[in-house]
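Structure first, then comments.
The values are calculated or read from the model by the stated rules, or taken from the named source; none is laboratory data. Remember, it's a predicted structure, so these values are computed and weren't measured experimentally. All Cβ positions, glycine included, derive from the backbone under ideal geometry; neighbour counts span all protein chains shown.
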Amino acid sequence: MSLWVDKYRPRRLDALSYHAPITASLKALASTGDFPHLLVYGPSGSGKKTRVYATLHELFGPQVEKLKIDVKTFTTSSNRKLEFNVLSSPFHLEITPSDMGNNDRVVIQDLLKDIASTEQVDFSNSKNNGTPKHRFKVVIINEADSLTRDAQAALRRTMEKYSANIRLIMISNTTSNIIPPIKSRTLLVRIPAPSVADITAILADVATKESVHFTADPVQSGFLSQVAANSDQNLRRALLSFETISMSNASVACDGQNAVVTLDWEVIIKNVSSSIYTNRSVSNLAKTRVVFYELLAHCIPARIILKGVLFELLRLCNNHSKAQQLVEIGSMFDERLSLGSKAIFHLEGFVAKAMVALE
């Protein structure tokens, strides 16, 4: 049994129900003979990867859905062996180089060089004129904004040298961390967050298909729109929250309190932010470190923790000058998180600096 967010994920561009102009542009790109490198960016849960895979379906057909996982082994300059998972089909590969930390350059150089140096030939279309059709292979790079500068420089060289055999589709939340040479060599496609009305319509469609029972009309009562609003316009989170609410009750009560699904780690971040604001001491800093260790151990990304603590401190702080200092401190340690390898040091450093600024 699959989650609703995967079960009802559109597979084709025609099945996408919002951002129609963007869908039409992607369809036009897929129908052209020269498909460009793409940099697809936008907030989490806006449907970036869904649109990318729908575009691949338009390019290559249903074969892109026949996925397998390969484990590649790479050797660093210090003779250290690294294992890396690659999700692939006959026409594309999906990688997340940022999982390798500061060794992402090795993945970019070795893996993409092997793929790009091999010419892709499509024999399925050679029956008409007897000549095989030259095809390119697509590489999807997740979390492109988390790549190190060295990896992005290696990526730039690969794009220049092997542009005939490979097409890159980079997915990121923002373009601020992407170097200008890569942005100038790609077509930037921004996927905005879906509106509350868009998410509400999708939730209503899923509720109809899953035969979810409600105590009242969910559209007229505004229940589905409340679920959409509470998800911060994140469609993935809205679907997961709606499924959680539906599975916990035989008949969903359409009230405002029931529309809120609070995540445990978000509550922990709010509590630790409140303690930082009220108790600015060395002993509390040590307690905060333990909480951060627990969050990191449960696979909560360090940047999400930093962002959550910063925004909660800004909400609690009424002093404009102090709030400005907190933003500057947060931006400084956000950059250090991308440069360093020990996230706990930078999170703890941010809390210590924030305590001094608040004092």
Seminar exercise, completed: For region 34-77, the count of residues that are more than 17 Å from the chain's Cα centre (by Cα) and among the hydrophobic types (A, V, I, L, M, F, W, C) equals 9
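Just checking, how many residues over region 150-183 are closer than 14 Å to residue 138 by Cβ and over 22 Å from the mean Cα position of the chain (by Cα)? Steps first, answer last, please.
In the first step, residues of region 150-183 are kept if they are closer than 14 Å to residue 138 by Cβ; the result is 158-159, 162-171.
Then drop every residue that is not over 22 Å from the mean Cα position of the chain (by Cα), which leaves 158-159, 162-166.
Qualifying residue count, region 150-183: 7.
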For this session: Sort through 339, 358 and tell me the only one that's aliphatic (A, V, I, L, M) and either in contact with a His (Cβ under 9 Å, 6 or more places away or on another chain) or more than 14 Å from residue 309 (Cα to Cα) (or both).
Result: 339
Exercise. Would you pick out the residues in region 156-183 that are more than 28 Å from residue 193 (Cα to Cα) and outside any loop (DSSP other than H, G, I, E, B)?
Worked result: 156, 157, 158, 159, 160, 161, 166
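Matching residues to (1) of a type outside the set (Phe, Trp, Tyr); (2) over 28 Å from residue 114 (Cα atoms):
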site	(1), (2)
11	yes, yes
24	yes, yes
29	yes, no
32	yes, no
39	yes, no
60	no, no
69	yes, no
77	yes, no
86	yes, no
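Is it true that some residue in region 261-270 is of a type in the set (A, V, I, L, M) and outside any helix (DSSP H, G or I)? Reasoning before the result, please.
Filtering region 261-270 down to residues of a type in the set (A, V, I, L, M) leaves 261, 263, 267-269.
From the residues that got through so far, the ones that are outside any helix (DSSP H, G or I) too are 261, 263.
Yes - at least one qualifying residue is present in region 261-270.
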Problem set entry | Positions within region 29-79 being out of contact with any Lys or Arg (no Cβ under 8 Å at 6 or more places or on another chain), of a type in the set (Gly, Ala, Ser) and on the phi > 0 side of the Ramachandran plot, in sequence order | 47, 61
For this session: State all residues of region 213-233 that are more than 26 Å from the chain's Cα centre (by Cα) and surrounded by 20 or more Cβ atoms within 10 Å (Cβ to Cβ); if no residue qualifies, say none.
Result: 218, 223
Exercise. Given (1) outside the structural domain of residue 88 (by TED's automatic domain parsing); (2) touching a residue at least 24 places away in the same chain (Cβ under 8 Å), where does residue 219 come up short, assuming only one miss?
Worked result: (2)
Exercise. In region 1-52, how many are among the small types (Gly, Ala, Ser) and in contact (Cβ under 8 Å) with a residue 24 or more places away in the chain?
Worked result: 10
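Restricting attention to region 184-221, and to residues there that are among the acidic types (Asp, Glu) and assigned to a helix (DSSP H, G or I), which single residue is farthest from residue 4 (Cα to Cα)? Explain how you work it out, then say what you get.
Initial filter on region 184-221 (among the acidic types (Asp, Glu)): 198, 205, 210, 217.
If we keep only those that are assigned to a helix (DSSP H, G or I) too, we end up with 198, 205, 210.
On the way: 198: 17, 205: 11, 210: 9 Å.
Across region 184-221, the extreme among qualifying residues is 198.
Residues checked against (1) surrounded by 13 or more Cβ atoms within 10 Å (Cβ to Cβ); (2) under 30 Å from residue 339 (Cα atoms); (3) out of contact with any strand residue (DSSP E or B) (no Cβ under 7 Å at 6 or more places or on another chain); (4) not β-branched (Val, Ile, Thr):
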residue: 27; (1), (2), (3), (4): yes, no, yes, yes
residue: 48; (1), (2), (3), (4): yes, yes, no, yes
residue: 52; (1), (2), (3), (4): yes, yes, no, no
residue: 58; (1), (2), (3), (4): yes, no, yes, yes
residue: 61; (1), (2), (3), (4): no, no, yes, yes
residue: 66; (1), (2), (3), (4): no, no, yes, yes
residue: 71; (1), (2), (3), (4): no, yes, no, no
residue: 84; (1), (2), (3), (4): yes, yes, no, yes
residue: 100; (1), (2), (3), (4): yes, yes, no, yes
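Just to be sure, is residue 224 at pLDDT below 85, touching a Ser or Thr at 6+ places or on another chain (Cβ under 9 Å) and part of a helix (DSSP H, G or I)?
yes
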For this session: Those residues that are touching an Asp or Glu at 6+ places or on another chain (Cβ under 6 Å) and free of Cβ contacts under 8 Å to residues at least 40 places away in the same chain, I need them from region 130-189; list them, please.
Result: 133
Exercise. What residue, of 25, 46, is closer than 21 Å to residue 235 by Cα and either of a type in the set (D, E, K, R) or not in a strand (DSSP E or B) (or both)?
Worked result: 46
Exercise. What single numbered condition from (1) at pLDDT 85 or above; (2) surrounded by 16 or more Cβ atoms within 10 Å (Cβ to Cβ); (3) under 18 Å from residue 6 (Cα atoms) fails to hold for residue 169?
Worked result: (3)
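Return the only residue of 46, 77, 17, 25 being more than 20 Å from residue 190 (Cα to Cα) and assigned by TED's automatic domain parsing to the domain that holds residue 160. It would help to see each step written out before you state the result.
Working: 46 fails: more than 20 Å from residue 190 (Cα to Cα); 17 fails: more than 20 Å from residue 190 (Cα to Cα); 25 fails: more than 20 Å from residue 190 (Cα to Cα).
Within the list 46, 77, 17, 25, the selection yields 77.
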